[in-house]
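Please read the structure below before turning to the comments.
Every read-out reported here was derived from the displayed coordinates using simple, explicitly stated rules and does not represent laboratory data. Keep in mind that what you see is a predicted model, and the values were worked out from it rather than measured. Cβ: placed from backbone, ideal geometry, glycine included. Neighbour counts: every protein chain shown.
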Amino acid sequence: MISTKNPKRLIVILGDHLDYQRFLPADFDPSDDLFWMAEASEESTHVKSNKHRIVCFLSSMRHFRDHLESLRLPLAYHQLNEGGSSSTLSDYLEADLRKWKPETVRMTKPGDFRVESALAEIISRQGVRLQMVEDEHFLCSSEEFIQHAQGRKSLRLEFFYREMRRKHQILMDGDKPLGGDWNYDKDNRESFGKQGPPPSPSDRGSPPDSTTLEVIALVDRLFPDHPGDLSSFRWPVTPEDADAELDRFISDALPLYGRFQDAMWTREPTLFHSLISAPLNLRLLDPRDAVRKVEDAHLAGHAPLSAAEGFVRQVIGWREYVRGIYNWKMPDYRSDNFLGADQSLPEFFWTGESDMACMRSCLTQVLETGYGHHIQRLMVIGLYSLLRGIHPHEINDWFLASYVDAVDWVTTPNVIGMSQFADGGLMASKPYCATGAYVDRMSNYCKGCRYNPKESTGPNACPLTTLYWSFLDRHRETLSSNRRMSMQLRNLGRLKEDKLAEIRKAADCHLHQS
Ligand code: SF4
């Protein structure tokens, strides 16, 4: 519904700002304000997005549009061009600014610096005032994070996380952490052992409604060569779907979530994980509600403290922390490349065709479903990329394209900082590097692999193990000042020169053959 007179203010709602609780500004005036939303094809193609990710955004946007219309709020909505011609948010906005000549554009701070700078430029070029507002979905404002970060020699999640727990009184007993410890990470690292995982919840997700089915057909038609098998699409696209998924997680998965947070198993993509990161990142779910419900489940005796604490740490700790770093350090952060990694992304990242069982399993899963849990991301795909020396920019774009919950503020710190150590240690105190033995301990991938995780050279050498030693060898000098790397570098020093020469040759061979 658009009123006949020109709006004085456009209220831009971006595709990941679908906050049903906070979208209406306190000073909203229906006679002067117009909500503005646009489905731009560039948002699906600037990185070759997985179809699950595209459907998740578009269907959620259309449900949000329907919500605004049901409230009879004024809205201009540009639907994806079914003819297939490309479109950008900037083009749509510029045309509307020319047409309506509003005085102001109001926008919640975007979670992608690329979008923020493109729209800000258009708005400024049209001589329109930009009213940028803080994203109140988050518990920690950008300013509050900068106050926390400035003046510290190094940033560590743990200190930030404790501040958040105290400030928001989550899992607290007065000013002390519930149970006596802040962090039960040591209880979150069990593997499944030979017997495999206990039965995990099978009835996950929400069946697509008619709006989502329409979007699925559209995406299959417009983006036929993008990865993703939409026959399995069950991601939440409304607040009701998101609440239902959170409730299912709490009732069926939370009790074992903590223990098996880091474990992996073939053909078990979701295990005891929550599957709420996508609706959280689209703002369909409020992080405060999610952590309170999990806290309540623990207090009611339904789940151990280690499980509840592990979940809370991810939501009010890690998630807020990476967003704070993104807003603080962008735009330069995206170009960081501390280790000088210069390899291009191998083609098999787009097909999953690899004779490494761990990579095949994790890549196939994400290419088909848009999903992988954090250890599959960090300690298989991220680890391989780090050891191989793939350029951080290339691997960052691949992560942004591939995961259903990916938005630049999430992927860039997680990839550049955490997984690729490209920021030189701002986020992580050392590179997350390991041999194939780690994958062997935490999964059953190696049982079905032609390689042997214990071998670094020879016909059965595990590429992760070979590349691990070659990584340490390449970066020996750079990492020598990092005390947390001293044991790994000492072990490297024990390798005889002829063994190292064999490893270098094997690593070279792997790079050229895959
Ligand atoms: Fe992966 Fe190496 Fe294990 Fe094969 S042996 S699954 S490549 S870690």
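General observations
- Electrostatic dipole magnitude of the range 151-290 [Cβ: Lys, Arg +1; Asp, Glu -1; Cα centre; debye, to 20]: 840 debye
- Taking packing as the residue-averaged number of other Cβ atoms within 10 angstrom, the listed peptides 19-25, 226-232 run from highest to lowest as 226-232, 19-25.
- Here the 3J(HN,Hα) profile of the range 394-399, calculated from phi with Karplus coefficients 6.51, -1.76 and 1.60 at θ = phi - 60°, is 5, 6, 5, 5, 5, 5 Hz, Gly and Pro shown as x.
- Sorted peptide list for 93-104, 377-388, 478-489, criterion being average Cβ within 10 angstrom, highest first: 377-388, 93-104, 478-489
- Ranked for footprinting exposure by Cβ neighbours inside 10 Å, fewest first, Leu254, Leu71 give Leu71, Leu254.
- Stretchable slack from Arg441 to His302, in nm (0.36 nm times residue separation minus alpha-carbon distance): 47.2 nm
- Inter-site label distance for Lys167 and Thr364 at 7 Å from Cα along Cβ, in nm: 4.5 nm
- When all alpha carbon pairs of the range 291-407 are counted in 10 Å bins from zero, the resulting P(r) reads 12, 34, 31, 18, 5, 0 %.
- Gyration tensor (alpha-carbon) shape descriptor, the range 282-328, a/c threshold 1.5: oblate
- Highest average first, the peptides 183-191, 76-84 ordered by how many other beta carbon atoms sit within 10 Å of their residues are 183-191, 76-84.
- Label separation (Arg98 vs Arg476): 6.2 nm, computed from points 7 Å beyond Cα along the C-beta direction.
- Derived scalar couplings ³J(HN,Hα) [the range 109-121; Karplus, 6.51 cos²θ - 1.76 cosθ + 1.60; whole Hz; x for Gly, Pro]: 3, x, x, 9, 4, 4, 5, 4, 6, 5, 5, 4, 5
- Signed unit charges on C-beta, dipole axis of the range 393-493, positive-most listed residue Cys449, Thr465, Asn491: Asn491
- Overall Cα dimensions of the range 55-94 - principal axes, largest extent first, Å: 31, 25, 15
- Prolate/oblate/rounded label for the chain (Cα gyration tensor, a/c 1.5): prolate
- Under the Debye formula (equal points on every Cα, no solvent term), log10 I(q)/I(0) of the range 213-330 at q = 0.10, 0.21, 0.22 Å⁻¹: -0.38, -1.20, -1.24
- Distance from the C-alpha centroid of the range 346-399 to that of the range 254-286: 18 Å, rounded to the whole angstrom.
- Extending 7 Å from the Cα toward the beta-carbon at both Lys186 and Arg494 defines two label points whose distance is 2.4 nm.
- If a spin label sat at a point 7 angstrom from the Cα of Glu158 along the line to its beta carbon, the backbone N atoms of the range 186-215 nearer than 13 Å would be those of 186.
- Vicinal HN-Hα couplings computed from phi for the range 466-483 (Karplus, 6.51 cos²θ - 1.76 cosθ + 1.60; Hz; Gly/Pro x): 4, 5, 4, 5, 5, 4, 4, 4, 5, 10, 3, 5, 4, 8, 5, 7, 8, 4
- Principal-axis tilt of helix 239-248 within the chain, Cα atoms, nearest 10 degrees: 30 degrees
- Net dipole in debye of the range 349-441 [+1 Lys, Arg Cβ; -1 Asp, Glu Cβ; about Cα centre; nearest 20]: 320 debye
- Long-range HN-HN contacts of Ile11 with modeled amide H, under 5 Å: Leu34, Phe35, Trp36, Arg106
- Charged side chains reduced to their Cβ positions (Lys and Arg at +1, Asp and Glu at -1) give the range 57-167 a dipole of some 380 debye around its Cα centre.
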